[in-house]
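This report refers to the structure that appears directly beneath it.
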Amino acid sequence: QQQVKQSPQSLIVQKGGISIINCAYENTAFDYFPWYQQFPGKGPALLIAIRPDVSEKKEGRFTISFNKSAKQFSLHIMDSQPGDSATYFCAATSAGNKLTFGGGTRVLVKP
Amino acid sequence: EPEVTQTPSHQVTQMGQEVILRCVPISNHLYFYWYRQILGQKVEFLVSFYNNEISEKSEIFDDQFSVERPDGSNFTLKIRSTKLEDSAMYFCASSAAGFYNEQFFGPGTRLTVL
């Protein structure tokens, strides 16, 4: 019940395209859903986060869509750039403590 | 910009040996965490630490593991007798407050157990 499932495992997108990463969770006690971006040799860094009282949050080219009834949330990267090439992790937490991570998606943006 | 630092970046050890992984959290942060990532797998929570005691630990964090904040700046993870399956990337993280505050991650220590 603590799992967060993430798909796809990898994604190749052309520069200017849209990258979409999906996550699903089971634990209804989760109440905060951050997305982390990780570059090789670096630790994960918070990209954007959402709470379940809203269905969408946008920050620049990054948008989270949240479907509470389906227990799913997704990250959309608009106008993808080569600098967006990284591994993206969705995560979930209850009361803001330990993070439960998805399996990660390796995104490659081709110029 | 403040950041979490970790040393060493790579540690190679023999099975059965003790290792200590070190972290310097961001200075005004109060909550500290260890996570690990086995190659090709997801990042997994190990332990959280607040007010000089463990606040939560996972099933992975058994008696072979311990954490300590020895001097008010460092935060350490000790593995008493390493096993082959302890080989992983270990990430330290810290946050200013426990609830809904961003956890800032260090660059990780790659532990290789031979």
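Laboratory data are not the source of any read-out in this text; all were calculated from the coordinates shown. Remember, it's a predicted structure, so these values are computed and weren't measured experimentally. Virtual Cβ from ideal backbone geometry, glycine too; neighbours counted across all protein chains shown.
Note on the stretch A:21-49: residues that are surrounded by fewer than 17 Cβ atoms within 10 Å (Cβ to Cβ) and either under 15 Å from A:ASP84 (Cα atoms) or within 11 Å of chain B (Cβ to nearest Cβ) (or both) total 7. Taking the stretch B:2-109 as the region of interest, none of the strands (runs of 3 or more DSSP E) fully inside it holds 1 or more residues being free of Cβ contacts under 8 Å to residues at least 12 places away in the same chain and crowded, with 21+ Cβ neighbours inside 10 Å.
Between B:ASN101, B:ASN74, B:ASN51, B:ASN28, the distinction of being among the polar types (S, T, N, Q) and in contact with a Gly (Cβ under 9 Å, 6 or more places away or on another chain) belongs to B:ASN101 only.
Summed over the stretch B:45-86, residues that are under 13 Å from the mean Cα position of the chain (by Cα) and polar (S, T, N, Q) total 5. Taken over the stretch B:69-114, the residue count meeting the criterion of being charged (D, E, K, R) and within 14 Å of chain A (Cβ to nearest Cβ) is 2. Of all residues assigned to the stretch B:51-64, at least one qualifies as being within 22 Å of B:GLU3 (Cα to Cα) and not aliphatic (A, V, I, L, M).
Among the residues examined, B:THR13 does not qualify as in contact with a His (Cβ under 9 Å, 6 or more places away or on another chain), away from chain A (no Cβ under 14 Å) and of a type in the set (S, T, N, Q). Quick check, is A:PRO52 within 14 Å of another protein chain (Cβ to nearest Cβ), surrounded by fewer than 19 Cβ atoms within 10 Å (Cβ to Cβ) and not basic (Lys, Arg)? Yes; evaluated as a whole, the condition is true for this residue. Can you tell me which residue is nearest to the other protein chains (Cβ to nearest Cβ) among those in the stretch A:87-99 that are in contact (Cβ under 8 Å) with a residue 12 or more places away in the chain and not hydrophobic (A, V, I, L, M, F, W, C)? Per the criteria, the residue is A:GLY96. Given the condition within 14 Å of chain B (Cβ to nearest Cβ) and in contact with a strand residue (DSSP E or B) (Cβ under 8 Å, 6 or more places away or on another chain), answer yes or no: does some residue in the stretch A:70-86 qualify? Looking through the stretch A:70-86, at least one residue is within 14 Å of chain B (Cβ to nearest Cβ) and in contact with a strand residue (DSSP E or B) (Cβ under 8 Å, 6 or more places away or on another chain).
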